[in-house]
């Protein structure tokens, strides 16, 4: 019986049975990224800029700001390679910009999502 169970498990994996380990790995990677100093600095800066742009009724422009282009706010040599820092900063900035824009535009309220 055990041999049959093992054989079926391998067969299902071989023929494309959904592998949920990939989803778990992606979630763990995202969780780790959200603790990264570069991502956090980018998120915070993006959130502030997105909320300001939304409040001022300007166009949505997450990649066109000087902060996004430079992507070096908060960088120190202790964080290692500056190019890698900038990549993680930009990922955080884009997420933060959208969150700030949406929150300020009334997309999210204490009552949940949607205009109230």
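The values are calculated or read from the model by the stated rules, or taken from the named source; none is laboratory data. Source: prediction; values computed, not measured. Here the Cβ is made from the backbone with ideal geometry for all residues, glycine too, and neighbour counts use every protein chain on show.
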query = Hey, any hits in the range 56-71 for a residue that's modelled with pLDDT of 95 or more, part of a loop (DSSP other than H, G, I, E, B), in contact with a helix residue (DSSP H, G or I) (Cβ under 9 Å, 6 or more places away or on another chain) and farther than 22 Å from residue 104 by Cα?
reply = yes
key: the range 35-64 - residue that is without any contact (Cβ under 8 Å) to a residue 24 or more places away in the chain and at negative phi and, of those, surrounded by the most Cβ atoms within 10 Å (Cβ to Cβ)   = 61
request  = Just need a number here: residues in the range 20-55 that are modelled with pLDDT of 90 or more and within 13 Å of residue 96 (Cα to Cα).
outcome  = 16
